[in-house]
1. Greater than 31 Å separation of Cα atoms is the criterion. Which listed pairs, B:Lys32/B:Lys279; B:Lys71/B:Lys279; A:Lys48/B:Lys71; A:Lys48/B:Lys104; A:Lys84/B:Lys213; B:Lys65/B:Lys219, meet it?
2. Just to check I understand the Karplus step: with θ = phi - 60° and J = 6.51 cos²θ - 1.76 cosθ + 1.60, what whole-Hz values come out for segment B:251-263, glycine and proline as x?
3. Rounded to a whole number, what % of the accessible area of segment A:29-90 do carbon and sulfur atoms account for, probe 1.4 Å?
4. With the other protein chains left in place, how much accessible area per residue, in square angstrom, belongs to segment C:2-241 at a 1.4 angstrom probe?
5. Once you put a point 7 Å from the Cα of A:Asn90 and another 7 Å from the Cα of C:Ala186, both along the Cβ direction, what distance in nm separates them?
6. Can you divide the C-alpha Rg of segment B:193-280 by 2.2 N^0.38 Å and report the result to two decimal places?
7. Hey, got the Cα dimensions of chain B along the principal axes, in Å, largest first?
8. Which residues, if any, in segment C:194-238 lose at least 30 square angstrom of accessible heavy-atom surface (probe 1.4 Å) when the other protein chains sit next to their chain rather than the chain being alone?
Amino acid sequence: MQRLIKKLYYGDIPDAGGGTAPSNDQQPTTDWPLWEVFIRSKQGLDHKHVGSLHASDAQMAIENARDVYTRRQEGVSIWVVESKRLTASNPAEAGELFEPAADKVYRHPTFYNLPDQVNYI
Amino acid sequence: MDSHNLEEQFQHKIDQEIKIEPKDWMPDAYRKTNIRQISQHAHSEVVGMLPEGNWVSRAPSLKRKVILIAKIQDEGGHGLYLYAAAETLGQSREQMINDLHSGKAKYSSIFNYPALTWADMGAIGWLVDGAAIMNQVMLTRTSYGPYARAMVRICKEESFHQRQGFESLLVLSKGSEGQRVLCQDAINRWWWPALMMFGPRDHESTNSDMSMKWRIKRKTNDELRQQFVDMIAEQIKVLGMTLPDPALRWNAIRNHYDFGEINWNEFWQVVKGNGPCNKERLEARKKAWGQGAWVREAAQAYANKKNTRTKAA
Amino acid sequence: MQQALLDYTLYLSDNSLILGQRNAAWCGHGPVLEQDIAITNITLDLIGQSRILYQYAAQLKGGDATEDSLAFLRSEREYKNCLLVERPNGDWAQTILRQFLFSCFQRELYTQLTKEKDSTLAAIATKALREVSYHYRWSREWVLRLGDGTAESHTRLASALENLWPYTGELFKGADYELALGLDPAMLYTNWLSAVQSTLKEATLSLASFASCFMQTGGKTGIHTEELGFILTDLQYMQRTYPGCDW
């Protein structure tokens, strides 16, 4: 493995004992569950993932999301879902999942050449 | 695929400016470096709430009071975004907080300096947030996706922090003699610690710099520091105040301001825990967390009861 | 009449400011980051309310009065806030319960004020009511969590109730300026009590032992607890030390 950085930047001071690794003595956490937050920024738009937070229950998650992610009127509607209930695709399978779509150029309108006088199609 | 191959692919992605996302393969050291850096950044935001928090009850006008509260609250929010970004790498927030409290994890030394007068609120906004923003703007392009996204959000919100600081000092600079004294004194005390926020000189590092190679960082300490000095040396003219550095002068050949040597002994002493407020800051965090334990437990217990009742019904 | 309206407006703004000032002490010290941010939002709402009300009071008072002169240059005996809001933060249970009892009251009060003939107060109440409704909801949920959470949280909430209940009576006892404006707060009591009672019941707490509780009064007419002097010392320090400056 390559040598690790010894160079220091703001926010990057070595941990006590010179170690660079985060704690490995992982204990069972008593953190409240983690939730993913989705916000609709205005009527007519989709909800969009904005980040996550901790909350003891769904109601609190909504309220925390309101306080954390909409302090500047960023939203008109909030969805929350417990992070552990999300299923994500595996990046290692990205090739087989997404690359087959790459050569289907005929799905895009620009694939078709129409005479200039045909408008509005 | 062997790990050498994976690593090559990983570096290729980085070189192509493709962001790394939580579930992507990454070298262990990349993961650890990010956890360390993001959590230190988060701790800095949260500890950074304390010096300014001291002045909330004493803010000189209601307008300044709400501005200050909103700013400190933003810092809490930024800590939260950053903890969440680090959690995507597999570290729990509780673990990160425990590492802070045990002294294992660090936070920015700047917050170990005391906020002695009201003018310090202005100086912190202008100089400390100003220095932090240089670093943070760079980090919006960092290679780890969740960190970069958190930084974009943070930079958007931070834009008022430095402005309110400068504006608050501007009012002092145009005020009474007593206010001008407050203003100059705060600048004198915060200038050098603000320069220290960029870290040691570049030439003090001889090791290969993975952080640059991995594009976690994109500019060196000295580059960012120079950029900061050039900016502040101009802005201070508007305040009609001075920076406490006799060596500060424009260098037409370099096209930059020259400036004096930082007291590196002080820098390392504060990093090692001997700053004026290291103990108070850590104690305050531990106290808040410790006294909050029964609250967090109660909410969890209540949620569990409610779940059980819903299932039974 | 003008004097009564001024006093009443100051009463409303002092309530919001003092509770805001109290809650603000949690900023950076909350039990968990998310709730630190939550209570600070409430703080900002409350201080925001006090500013609009002081601005209105300054207009009523005339001369060179401003929101800041009213907040920073009146003394202990001139402050009219109810005693409840100046009670110490204590632990999270005491802060939550103080917020709940007060928000529940403020919700009733502002609902009534939206119909007030003074159009400025009515407009302020309409805006503030949205904020207060959220404070009520947030603090109510926390009362439930603490009351029906763990044995420790239950005990702490019960003891907060014992500490704070004697300061609730004053809210419904009309001061001269309230009665002069025909705004007798006694009218709000029934609704307030039923909301408080049902919440406490759900939180597995009871008011039974408080049936003959002796109620502390005086805040609304400027006779405070010893706490207020300390609050104002902090609050007013800068304006008293550097008089006549802009900030």
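The values are calculated or read from the model by the stated rules, or taken from the named source; none is laboratory data. This structure is a prediction, so every number in the text was calculated from the model and none was measured. So basically every Cβ, Gly included, is an ideal-geometry build from the backbone, and we count neighbours across all protein chains shown. SASA here: full protein model, heavy atoms, side chains in, ligands and nucleic acids out. Shrake-Rupley method; radii C 1.70, N 1.55, O 1.52, S 1.80 Å.
1. A:Lys48/B:Lys104; A:Lys84/B:Lys213; B:Lys65/B:Lys219
2. 10, 5, 6, 7, 6, 9, 7, 7, 8, x, 7, 6, 6
3. Taking all protein chains in place, segment A:29-90 shows 51 percent carbon and sulfur surface.
4. Details: 8670 Å² over 240 residues.
Computed with neighbouring chains in place, this is 36 Å² per residue.
5. 7.5
6. 1.27
7. Over chain B, Cα extents along the principal axes are 70, 52, 33 Å.
8. Relative to the lone chain, where solvent access is computed with a 1.4 Å probe, segment C:194-238 loses at least 30 Å² at C:Asp234, C:Tyr237, C:Met238.
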